[in-house]
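*Asks:* Structure below; questions to follow.
No value in this document is a laboratory result; all are computed from the given coordinates. No experiment lies behind these values; they were computed from the predicted model shown. Note that each Cβ is placed from the backbone with ideal geometry, even for glycine, and that neighbours are counted across all protein chains shown.
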Amino acid sequence: MKERRLRTREKKEEGGIKRNVILLGGTSLLTDLSSEMMHPLLPMFISALGGGGVAIGLIGGLGDGIANILKVFAGFWADRRGRRKPFIFSGYLLSSICKLLLAFSIIWQHILILRPMERTGKGLRTAPRDAIIAESSIKWRGRSFGLHRAMDTIGAVGGSSLAFFLFYLAGWGFKSIFLLAGSVGFLALIPLFWVRERKRRPRDLSLRISLKGTSAPLRWFIFAATLFSLSNFSYMFFLLKVREVLSDPRLSIALPILFYVWFNVIYSILSFPLGAVSDRVGRLPVIISGYGLFGIICLGFIWSRSLTSFILLFALYGFIFAATEGQERALVSDMSLGEVRATVLGAFHTSIGLAALPASLIAGFLWQYFRPEFTFVFGAVMGGTSSLFLLFLGFKYDYSSAGEIQRNRP
């Protein structure tokens, strides 16, 4: 009888993966198709409007930082109300509106306002969305988060490829591309109408932005992830590095877009397989490999001058995101209780978000006032340190059992 109930539960879970994860993945795919038409052009657009390294670091760090800080509030409100879809829908809607407005920027300070507002939408939707994904796939969370990240990144590949075609081959300008990108963003709202969430009663929760009550291994892992976030400065600096070694003005914008496409191709291809690997061997080894590799590629960017070396480095950059983005969320989901999972995921995102702003500001300051190479030295040191710290945690705590402990919890 117990085995029959277990089989019934697994069938329902498989249905959840086919429905919710794919629908939410479709929304992310369309959103990233929109966003990534803009992202590879954004550092060059900021430069064209008069912004330097500090401006790029401020815009990149402030946007990501605000988004991540808001995730704990969105996660808490979703848990308290017992409903998650309204936060997901409003988050995607806000982002789409701000993308349209970015096309009308005439000074870089406009982007400084609109980019964080666009990322605010990401802050509203991410923790509630991740909670629905976690609940739709109790047994195979690594695969489900990996599949979601893969679909997300397929959109990124399509968007950045379209940006290259429109800018370099069709001769479109920044603003025309941004207008099209903003319009596409509204299509991402359509799959959300079919997403189903489990009915929950409103809960009388009080917001505490802390991890009190969670396990010591989970708290230490979030600290390690935050340490890594301090090293993981904005992607814009990697694209600027490519631009720095090119002399042709038009090619210096087009080639960074192509490398951004290549990065997303690798990210998309590897997200689901690495999720499956983490389901088998554990999340921690996969995440440690990503942290350590980030330090290595930062060293590579210091001396890289050839297109061949950039091809390799951006491929490794894609591996890093595939090994860390989905698997960090899966591990936090494994180790948090169902009734407050969105809150814990929000606290996790807030912790790493607090490090995002100083990371990009430090990178921009080093880039503008010292040398670009110092930016990558900073990333290499911090990436290597976070990898070694997480390796130490792996010896101290048994993270491999976390998924088994939480698997039977809602």
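*Asks:* Under the rule of -39500 (n - 2.57) per DSSP H run of 4 or more residues, summed and divided by the residues of the chain, what mean residue ellipticity at 222 nm is obtained, to the nearest 500 deg cm²/dmol?
*Replies:* -26000 deg cm²/dmol
*Asks:* Once you order the gyration tensor axes a ≥ b ≥ c over the Cα atoms, which shape class does the chain get: rounded for a/c under 1.5, otherwise prolate or oblate by comparing a/b with b/c?
*Replies:* prolate
*Asks:* Please give, to one decimal in nm, the separation of the simple spin-label points placed at R250 and L391, each 7 Å out from Cα toward the Cβ.
*Replies:* According to this spin-label approximation, the distance is 4.8 nm.
*Asks:* Another question, if that's okay. Suppose each label sits 7 Å from its Cα in the direction of the beta carbon; what would the R81-S176 distance come out to in nanometres?
*Replies:* Going from the R81 label point to the S176 one covers 4.0 nm.
*Asks:* For the pair Y168 and E373, how long in nm is the line joining their label points, each one 7 Å along Cα→Cβ?
*Replies:* 2.8
*Asks:* Build a GNM of the chain with springs between Cα atoms under 10 Å: which of T27, T226, T214 gets the top mean-square fluctuation?
*Replies:* Looking only at T27, T226, T214, the biggest GNM fluctuation is shown by T214.
*Asks:* Which three extents, in whole angstrom, do the alpha-carbon atoms of the range 61-181 cover along their principal axes, largest first?
*Replies:* Extents along the principal axes, in whole Å: 48, 29, 23.
*Asks:* Please report, ordered by residue number, every helix of the chain (full DSSP H runs) that is 30 Å or longer along its axis going by C-alpha atoms and whose mean Kyte-Doolittle hydropathy reaches -0.5.
*Replies:* 53-81, 108-136, 141-164, 251-281, 283-303, 307-334, 341-369, 372-396
*Asks:* Would you mind calculating the gained length between L189 and V381 on full extension (0.36 nm times residue separation, minus the Cα-Cα distance), in nm to one decimal?
*Replies:* 65.1 nm
*Asks:* Tabulate in residue order the Karplus-calculated ³J(HN,Hα) for the range 44-52, using 6.51 cos²θ - 1.76 cosθ + 1.60 with θ = phi - 60°, rounded to whole Hz; enter x for Gly and Pro.
*Replies:* Here the 3J(HN,Hα) series is 6, 5, 4, 4, 5, 8, x, x, x Hz.
*Asks:* Stretch S90-A276 to full length: gain in nm at 0.36 nm per residue minus the Cα-Cα span?
*Replies:* Taking 0.36 nm per residue and subtracting the Cα distance, the gain is 63.8 nm.
*Asks:* State the number of lysine pairs found in the chain whose Cα atoms come within less than 13 Å, restricting to pairs 8 or more positions apart or on distinct chains.
*Replies:* Count of close lysine pairs: 6.
*Asks:* Identify which of G384, G290, G326 has the largest mean-square fluctuation in a Gaussian network model of the chain, with springs joining Cα atoms closer than 10 Å.
*Replies:* Sorting by GNM fluctuation, first place goes to G384.
*Asks:* Quick check on the range 120-189: take the gyration tensor over C-alpha atoms, sort the square-rooted eigenvalues as a ≥ b ≥ c, and tell me if it's rounded (a/c under 1.5), prolate or oblate.
*Replies:* Note, shape of the range 120-189 comes out prolate.
*Asks:* Nearest 20 debye, what's the magnitude of the dipole of the chain about its Cα centre given +1 on Lys and Arg Cβ and -1 on Asp and Glu Cβ?
*Replies:* 1780
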